[in-house]
Amino acid sequence: MIEDIKLTIIGDTQVGKTSIALRYVDDSFQNNIVSTNGGQFLRKSISIDGKVMRFQIWDTAGQERFRSLASLYYRTALAVVIVFDVTRQQTYNDLDYWVHEVRTKGDPNAVIVIVGNKIDAGQRIISKEQALLYATSEKIKYFETSALTGYGINEVFGYLAQRCVDLKQQKCDSVDKKKLTKIYKGCC
């Protein structure tokens with residue numbers, strides 16, 4: 001049986017959300033991607049601990065005019081990837097907005113990661129230490145990627161897949177314990 005995992009990629013415009021999704025799904029990179037309008041849907045199946053999982057990846061638009069629509073995609077997501085561009089200060093500054101949005105409008109149990117993208121670019125402004133410090137203060141796992149080269153992409157999605165499997169197992173264990181409690185309460 002294939003289990004679906006809804007995953008949403010969010011962040012400011014032009015941070016590489018679509019490029020990260022495409023690099024993960026079909027290991028490709030396109031130089032001239034048109035900005036996403038609304039959202040784009042992609043799928044990829046993987047095997048974790050002998051279970052087949054299918055990521056339903058929602059790649060969202062980052063432009064201000066589409067920000068209000070983003071919550072439609074992440075409010076029921078089991079995993080959320082917040083992306084910023086390490087060469088653009090404003091995209092890093094906007095992490096507060098995105099983290100707050102996911103925590104107030106998303107699933108409270110969702111697995112959230114922050115991804116610093118474009119680490120291959122020469123004009124890095126946000127250091128790894130600075131981004132890691134922020135992510136740690138928010139109790140969120142931090143990754144660095146290059147959608148251009150593929151660096152770090154599989155690590156992000158591998159981590160999310162494992163955490164989602166663990167989360168789904170915890171939910172199943174919790175439901176099973178509740179059922180057993182009801183059964184034993186009624187029998188004696």
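The values are calculated or read from the model by the stated rules, or taken from the named source; none is laboratory data. Small disclaimer: the values here were computed from a predicted structure and weren't measured. Counting neighbours? That spans all protein chains shown, and the Cβs are built from the backbone with ideal geometry, glycine included.
Below is a table of values for the structure above.
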quantity: Pair list, Cβ under 6 Å, 6 or more apart: the range 85-99 residue on the phi < 0 side of the Ramachandran plot, other residue part of a helix (DSSP H, G or I) and modelled with pLDDT of 95 or more; calculated: D85/T91
quantity: The lone exception for N154 - which of (1) buried (at least 17 other Cβ atoms within 10 Å of the Cβ); (2) out of contact with any strand residue (DSSP E or B) (no Cβ under 8 Å at 6 or more places or on another chain) it fails; calculated: (1)
quantity: For L132: the one exception among (1) under 19 Å from Q14 (Cβ atoms); (2) surrounded by 14 or more Cβ atoms within 10 Å (Cβ to Cβ); calculated: (1)
quantity: The lone exception for S146 - which of (1) part of a loop (DSSP other than H, G, I, E, B); (2) modelled with pLDDT under 85 it fails; calculated: (2)
quantity: Filtered residue count, the range 96-110, keeping only those that are surrounded by fewer than 16 Cβ atoms within 10 Å (Cβ to Cβ) and of a type in the set (G, A, S); calculated: 0
quantity: Pair list, Cβ under 7 Å, 6 or more apart: the range 105-118 residue under 21 Å from F55 (Cβ atoms), other residue small (G, A, S) and part of a strand (DSSP E or B); calculated: A110/A79; V111/A79
